[in-house]
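Single-structure report; data block below.
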Amino acid sequence: MKNSVEHVAYREFRTQVISELSRRDRQLYAYEQMHLFKKLRDTITAFREHLDYYTETILQNTPEAEDHIRKALRIPQQIPLRVTKMMKFGQYLMGFLPDRLLAFRAKMLICPVGSYEGRAVVYRLNARRTFFGEDYSETFDYAIRHLPTEGMFSVGQRMRHVDIPWMRVFIKLGVEQKKVIDQLYNDFWNHRANGKLVLALVELQIIRSVDELKLLPKDKSQSRYAQKASYDEIRAFRQVVTLFRNAGVASLWIVRLIELPLWMFDVQRLTENLSRLSLRDNELSIIVEKMADQVMRAEPDRWVFLMEALNVRSAHDMVRFKTLLWSDKKCNHAFAFALLQHGADIDALEACQKLILREAEGDDKSAPVRNLIALLAKPYALSFCQLAKAEDYLFAYRDLDAYLRVLDSHGYGHAGAVLALQCCYRQLCAASLDAWLHIAAQPAVGQSVDDIAEWLTKAVAGGYIDAFQYLLAAGELQTFSHLQQALKLAPLGPVLLRYVREERGITGMPFLLNWYYHDAMGIREIGLWYSNDVVSRVLLGDAFERKDFTLLKGNMACVESLLRQHESDTLGRFPFDTNDAQREEYRRQSQLVRQSMKIRLAPKLKIILEMTGGILLHSLLIHIDESPEQLRNRIAELKLQLDGLLMGLGPDNATLTLQEADMVALVYRTDAETIQARWPKVTGKTSDVVGNPCALTYPMIWQQTELETSVEIDPRGLQALSAALAFSANFNASFRKDMRGACRHLKAARLGDKAVDVWGLSQHLGVLLAISGCDARIRAEFYGDEGQQTEIREDVGLLAHQMTESLVNLFNLELGDALDMRVAEFVGALSDADATFLASRLDRAKDVETVTPKARLVQAIERTRRLVFQIYLHWAVGQKKRFAQTKMSGINSTMRAVVSQSPAAFFAKQAVGLCSAGNTEMWQEARNVHLLVFPSEGKKLEGMALLYFEAISRVDHDKKTLVIRAINPVKAAMASHDVSSIVECYFDVAIRIAQDTGCVAVAFPAPSGQGFMSNHKDIEDYIEDNYIKSSEENYYLTTKDRLSANLRHVPRKLMETFYAYETGSVSADALYIIWHAGNVKGTEAA
């Protein structure tokens, strides 16, 4: 009866403590996915740890709880828990006794206790004072219970920590002295192997002595695999070791298994593979030495294929086929048999492993064998090593025989040439190849086939064969150097090239290139020019005379808009809902109407272009039938407006006329509708700027670069982005009504897949695009305005480079900024059920930090965002690196920078694509103005930056500091100019402005992961490498710093809060000072 009462009292005590713990930390008990037994174990552990920590307090407040504490911690009755002052004093005196006696006493006290927490309590109450502060630890606990007390430690010295598994290793190997264990542990520390795995090797008799521990690998990186080994992983490791040991594998190579990640240890697969291999001891040891992972993980049938189909039996030969064994692709038996049939030896088979893993791309699965026979036969006679590099010839779905005949007809029938010219096999049919080789035939005489192949690759990637044929027929392609130079001119197309040569008289490749680089500003943005009618010739002639093609596309768009309006007014809308005959008749009439209108427009356009300086605006063309006097008045007003805009000025009235809106849109590269919509919110700005910098012009010189124009963007990544946009559209359309349907094909497992690529995460990216609201803009940018394409463009040249720049900016900055603004709103609008479901389909993370469904979804989105951005940014940066940009010596662009607070200047942010393009609050702040960059002869914005004039207390309490950020050229300028010259010019101008406005210093903010310095990663990277990394951190700007002539090379970092948007919003935590007014030498250098 007494025992029953005590038991009930103990259970009530335990329940009370656990309930209190549960209320204090609900997360500990809230994991629904936690196994019941594990949850109970964790609960009991937390209960015991609580008693360990609060034993003295509980005993003092509730003496009757002593029996409950003893029962919970399994402390025998003979060990005292109430320690008097005299007993404490006695413990201090015992500290002067010999070490072995103290250790023996501690052992007698601790060993009878049945729990770790209980032993910790007993030690703290009865023994700790005798050891002068030695804390109780797992090492101390294990050592005091299992090792001899003699020489265990010295009083006054803390016991050296040794992992328990390692301590067990040394004990099993016969080492029982703690000091010796400490020394050995120190010796083997560099191995960093997991003690649990080493213990398994010792227990299984793989390691039999301390000396054999030296067989352990010293690769420190492997420690990450072993530190979190689970019970199942340790069991699998032991089973694998046992299998290898029983199979006779040498101990040295079994020990090396500890290097492998534990997920590789597949016991079932290893058992099957060992039975298939049936190798002798020494042969199996060779294989385990070289490729233990394949023995454990490769498909059993793959080993059978290697031995039976390829007849590879020797262990020394087997280890040469890692690629074949590790791949999960299906082996091509027919192709392998054909290799053997045509004399492939072991060296040839090794070289051709990847080919054996390939399948034919078309329906004809026998084609690769036929292609193999053709390539091995004369006159081509490829060796097997050459054949290993001929994957496209062998497996692409093309007419190989016809392609080879063309090569042979042009003198490229030998093996080396055939292999070199495989570069275009996927892009060209035989007829196209013949046409390209005909172009190169005479100019490339005497050139190596590798040089010809390199040129052909670049030329075919551009695809401008008509332009090359025209230049060849015109006699411009006389040498191989001319062929290479023509790669720059070919994108202009035969129409424009014919115009330049035949109507403008510029002939000869040197003169054409001189015109291209020096007298045709903006020509690289034109691309292929098709039109050759009377209107386009007027526009071309005007651009040629002005040596400025930057306005040509815009002018053509204005004319086309007028033609469409005239067509609609004359014929009505296109008859979509009629029959084919009526639609064809409409098209015929449309051509006649357009042709008539063009003939009437051409002479008037010429007059207007002469009067406007080469500018056409839709708001001007609608008045084209007015009298000459009226037109002159309109154009005079237009020229005044343009001159003002190019000086950073512009209209400041409350509303804009159509012509004013068109002019602002032209200069700031946006549309008139956006200008009109935002205009009322950007007028009336005031400024804190001292002086009048708006009246000054600051010159800039940007060094031009030459872009490799033959590079294509990896289509797989573009297809993944296309799939992401498609998934985003579907998700947006259905997630509010049917979250399960919206998440179809979205798999959380992909986020944890270590081998996942851009394609595997396309659905996850689609969700992020849908949340951010960026999907429509991205679709328009990469699909085009009409959105009718089925695939994203795979452009080459300048457009492709701009596309990669956009992709890098998207994943480096823009998409993240958009998510920051939209995630809270998106999650808040979902029900708990939908939030839970979406989180489970995005991510299977087990380290849940919250129990509320919406907070869980926020965490899942954050993890998804982190990995998706990492994978896609890596891909985008890799694509961008494929475009080689080289500096063009002596060829520069002359720019001029102006400071502006005109309402029109607000739209510079729109022109360069800043995420704050619509933020009018920061624009209206008195401290903020825009730095605008225009070409010296051009009429459109080329770049901008944000300038802030404010007092920085750690620089000067009274005088203002000029802070510059958001250094952003437009995309075309970024693609054709050197980054270093751009950044240095911006900083030079900032210093000049600071001098003119009486500022005490110039600074820029720390990036803080927000892209404060630029939308362009190249600019941010340049500033990071050349300014931030060389900076020195200061609390205040000292007198020595102010006088330093080296601030541009060694900026001073000040920990100062700076608001990069409107005051109070989005802050940087530091500023980098690159100039100070006291820095006379620095001023001169700037």
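In table form, for the structure just shown:
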{"read-out": "Test: residue in the stretch 840-847 that is assigned to a loop (DSSP other than H, G, I, E, B), aliphatic (A, V, I, L, M) and over 22 Å from residue 750 (Cα atoms)", "value": "no"}
{"read-out": "Single match in 956, 978, 1025, 1021 (criterion: in contact with a Phe, Trp or Tyr (Cβ under 8 Å, 6 or more places away or on another chain) and of a type in the set (D, E, K, R))", "value": "978"}
{"read-out": "Helices (runs of 4 or more DSSP H) wholly inside the stretch 491-584 containing at least 1 residues that are farther than 27 Å from residue 479 by Cα", "value": "534-546, 552-571"}
{"read-out": "Residue list for the stretch 605-646, filter: crowded, with 18+ Cβ neighbours inside 10 Å and part of a loop (DSSP other than H, G, I, E, B)", "value": "614, 615, 616, 617, 646"}
{"read-out": "Pair list, Cβ under 9 Å, 6 or more apart: the stretch 503-524 residue over 19 Å from residue 553 (Cα atoms), other residue in a loop (DSSP other than H, G, I, E, B) and of a type in the set (Ser, Thr, Tyr)", "value": "509/479"}
{"read-out": "Matching option when the condition is of a type outside the set (Phe, Trp, Tyr), touching a residue at least 12 places away in the same chain (Cβ under 8 Å) and closer than 26 Å to residue 374 by Cα, among 309, 315, 292, 298", "value": "309"}
{"read-out": "Any chance residue 464 is in contact (Cβ under 8 Å) with a residue 60 or more places away in the chain, surrounded by fewer than 19 Cβ atoms within 10 Å (Cβ to Cβ) and under 41 Å from the mean Cα position of the chain (by Cα)", "value": "no"}
{"read-out": "Residue check for residue 553: under 18 Å from residue 614 (Cβ atoms), surrounded by fewer than 18 Cβ atoms within 10 Å (Cβ to Cβ) and in contact with a strand residue (DSSP E or B) (Cβ under 8 Å, 6 or more places away or on another chain)", "value": "no"}
{"read-out": "Exclusive hit being among the aromatic types (Phe, Trp, Tyr) and outside any helix (DSSP H, G or I), set 470, 397", "value": "397"}
{"read-out": "Yes/no for residue 486 being closer than 28 Å to residue 803 by Cα, small (Gly, Ala, Ser) and at pLDDT 90 or above", "value": "yes"}
{"read-out": "Residue within the stretch 501-519 that is touching a Phe, Trp or Tyr at 6+ places or on another chain (Cβ under 7 Å) and surrounded by 21 or more Cβ atoms within 10 Å (Cβ to Cβ) present", "value": "no"}
{"read-out": "Every pair of residues 6+ apart whose Cβ atoms lie under 7 Å, when the first sits in the stretch 77-101 and is over 23 Å from residue 57 (Cβ atoms) while the second is of a type in the set (Asp, Glu)", "value": "100/150"}
{"read-out": "From the options 635, 624, 599, 608, residue that is in contact with a Lys or Arg (Cβ under 9 Å, 6 or more places away or on another chain) and assigned by TED's automatic domain parsing to the domain that holds residue 549", "value": "624"}
{"read-out": "Search result, residues across the stretch 922-951 that are over 28 Å from residue 981 (Cβ atoms) and crowded, with 19+ Cβ neighbours inside 10 Å", "value": "922, 923"}
{"read-out": "Residue list for the stretch 867-920, filter: in a strand (DSSP E or B) and under 25 Å from the mean Cα position of the chain (by Cα)", "value": "885, 886"}
{"read-out": "When residues of the stretch 931-987 are limited to those that are without any contact (Cβ under 8 Å) to a residue 24 or more places away in the chain and in a loop (DSSP other than H, G, I, E, B), the one farthest from the chain's Cα centre (by Cα)", "value": "958"}
{"read-out": "Verdict on residue 1071 being of a type in the set (A, V, I, L, M), outside the structural domain of residue 816 (by TED's automatic domain parsing) and modelled with pLDDT under 80", "value": "no"}
{"read-out": "Neighbours by Cβ (under 8 Å, 6+ apart or cross-chain): first from the stretch 195-213, touching a residue at least 60 places away in the same chain (Cβ under 8 Å); second outside any loop (DSSP other than H, G, I, E, B) and among the hydrophobic types (A, V, I, L, M, F, W, C)", "value": "197/226; 197/234; 197/237; 197/258; 198/166; 198/169; 198/213; 198/258"}
{"read-out": "The stretch 408-458: number of residues that are over 15 Å from residue 469 (Cβ atoms), touching a Cys at 6+ places or on another chain (Cβ under 8 Å) and either of a type in the set (A, V, I, L, M, F, W, C) or assigned by TED's automatic domain parsing to the domain that holds residue 377 (or both)", "value": "1"}
{"read-out": "Unique residue being buried (at least 16 other Cβ atoms within 10 Å of the Cβ) and touching a residue at least 60 places away in the same chain (Cβ under 8 Å) when the list is 542, 533", "value": "542"}
{"read-out": "Qualifying residue in the stretch 10-19 (condition: in the same structural domain as residue 131 (by TED's automatic domain parsing), more than 28 Å from residue 146 (Cβ to Cβ) and at pLDDT below 75)", "value": "no"}
{"read-out": "Residue identified as small (Gly, Ala, Ser), assigned to a helix (DSSP H, G or I) and either modelled with pLDDT under 80 or crowded, with 22+ Cβ neighbours inside 10 Å (or both) among 106, 193", "value": "106"}
{"read-out": "Tabulated pairs, the stretch 1004-1032, first outside the structural domain of residue 819 (by TED's automatic domain parsing) and in a loop (DSSP other than H, G, I, E, B), second surrounded by fewer than 17 Cβ atoms within 10 Å (Cβ to Cβ) and modelled with pLDDT of 90 or more, C-beta under 9 angstrom, 6+ apart or interchain", "value": "1007/1024; 1013/1024"}
{"read-out": "Residue, surrounded by the most Cβ atoms within 10 Å (Cβ to Cβ), within the stretch 372-426, restricted to residues that are among the charged types (D, E, K, R) and more than 19 Å from residue 441 (Cβ to Cβ)", "value": "398"}
{"read-out": "Candidates 897, 876 - the one that is in contact (Cβ under 8 Å) with a residue 60 or more places away in the chain and touching a strand residue (DSSP E or B) at 6+ places or on another chain (Cβ under 9 Å)", "value": "897"}
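The values are calculated or read from the model by the stated rules, or taken from the named source; none is laboratory data. All values derive from a computational prediction rather than experimental measurement. Cβ coordinates were reconstructed from backbone atoms using ideal geometry, including for glycine residues, and neighbour counts include every protein chain displayed.
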